[in-house]
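Okay, so here's the structure we're looking at.
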Amino acid sequence: MKPLFPLIQPMLPHHLISRIVGAAANSRWEPLKRLLINQVSKHYDIQLDDYVIRDKEQFDSFNAFFTRELSPEARPLDDRPEGVACPVDGTVSQAGAINDDAIFQAKGMYYSLETLVAEERNAADYRNGEFATLYLAPNNYHRIHMPLMATLTSMTYVPGRLFSVNAQSAEHIDRVFARNERVVAHFKTLYGPMAMVLVGALNVGSIETVHQGIIAPGGLREVTHWDYPQHEQLTFEKGEEFGRFNLGSTVIVLAGPDLLQWHSDLTAGSTIRMGMGIGTLSGG
């Protein structure tokens, strides 16, 4: 029998719920901020030993607590020249090969690469390449870092729903990642094209990048592209922060054919930490 939560999600006012949650998360009203931080910390057993700020009282808002900064030594970076570093803390939802245009979601369910990135011209770069879908739970670190040195060439905002993206939703909601609001960042590397797809979800306060600021929620209502001419392109070092979720969600890494090979232990359900090695560059 299909679980109840995936059944009722299509009827929920996703964006209204997320706006309300986002407003509460950004509130600096001391009683509300303290209540949210204490309750979430207790429920998810969040420890602050790995973070720059270790006293819950020092955060200006619940959102500041949620997007807390790691101590530099807390996540050793896979600094091998051929190494691919994990961009986030979380859990592997799925990882493997892209079969032409098809990406595996869960339990016999697939979705279209072209639909995910919202344009054919960039989808062609990743056909028959590799993907890794990485889920960030509420107790995880919520900043997103670069898996390898890469130059940002374009970015696309895609409006959509805000279904939950936890394991239960991925198993029961068709094409959930390609239906949700998302930001698709395209990069060029020394070995081929790479993308990171920042997928929104229910209760996500916002999707933000370091160079563009908060993208969602905002005034955008249609698919929106940013193309960066060569003199405007930004190069990010491996491990450098690229963006963040103000509340949790999912990052999908896409790699062109022959760019990399995932490590054999990067399998569904495995725990990951930002900076750890998750793959090897094919040309490395």
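For region 213-222, which positions are surrounded by 13 or more Cβ atoms within 10 Å (Cβ to Cβ) and either part of a strand (DSSP E or B) or at pLDDT 90 or above (or both)?
Selection gives Ile214, Ile215, Ala216.
The residues of region 175-212 that are within 21 Å of Glu114 (Cβ to Cβ) and open to solvent by 30 Å² or more (accessible area, probe 1.4 Å), listed by number, are Arg175, Arg179, Lys188, Pro193. Residue under question is Tyr141, and the condition is that it be out of contact with any Phe, Trp or Tyr (no Cβ under 6 Å at 6 or more places or on another chain) and within 22 Å of Met274 (Cβ to Cβ); does it hold? Yes; evaluated as a whole, the condition is true for this residue. When we screen Glu120, Glu181 for residues that are free of Cβ contacts under 8 Å to residues at least 24 places away in the same chain and over 15 Å from Val253 (Cα atoms), the only hit is Glu120.
The residue of region 236-256 that is most open to solvent (accessible area, probe 1.4 Å), among those that are outside any strand (DSSP E or B) and modelled with pLDDT of 95 or more, is Glu237. Checked against the criterion of being open to solvent by less than 30 Å² (accessible area, probe 1.4 Å), in contact with a Ser or Thr (Cβ under 6 Å, 6 or more places away or on another chain) and not aliphatic (A, V, I, L, M), region 141-155 contains one or more residues that satisfy it.
The sole residue among Ala201, Ala185 that is under 28 Å from Pro138 (Cβ atoms) and part of a loop (DSSP other than H, G, I, E, B) is Ala201. Is it the case, given these coordinates, that Ala195 is assigned to a helix (DSSP H, G or I) and under 18 Å from Ile252 (Cα atoms)? No; evaluated as a whole, the condition is false for this residue. For region 258-276, filtered to residues that are over 11 Å from Asp78 (Cβ atoms) and among the aliphatic types (A, V, I, L, M), the residue that is surrounded by the most Cβ atoms within 10 Å (Cβ to Cβ) is Leu260.
For region 74-103, filtered to residues that are open to solvent by less than 30 Å² (accessible area, probe 1.4 Å) and not in a strand (DSSP E or B), the residue that is farthest from Glu241 (Cα to Cα) is Ile98.
Selection of first residues in region 14-37 that are closer than 29 Å to Pro159 by Cα and at pLDDT 70 or above and of second residues that are acidic (Asp, Glu) and open to solvent by 30 Å² or more (accessible area, probe 1.4 Å), restricted to Cβ pairs under 9 Å at least 6 apart or on distinct chains, gives the following pairs, ordered by first then second residue: Arg28/Asp60. For His172, the conditions (1) open to solvent by 20 Å² or more (accessible area, probe 1.4 Å); (2) modelled with pLDDT of 90 or more; (3) of a type outside the set (Val, Ile, Thr) all hold with the exception of (2).
The values are calculated or read from the model by the stated rules, or taken from the named source; none is laboratory data. The shown structure was predicted, so the numbers you read here are calculated from the model rather than taken from an experiment. Neighbour counts run over all protein chains shown; Cβ positions are idealised from the backbone, glycine included. All accessible areas refer to the heavy atoms of the entire protein, side chains included, with ligands and DNA or RNA removed. Shrake-Rupley method; radii C 1.70, N 1.55, O 1.52, S 1.80 Å.
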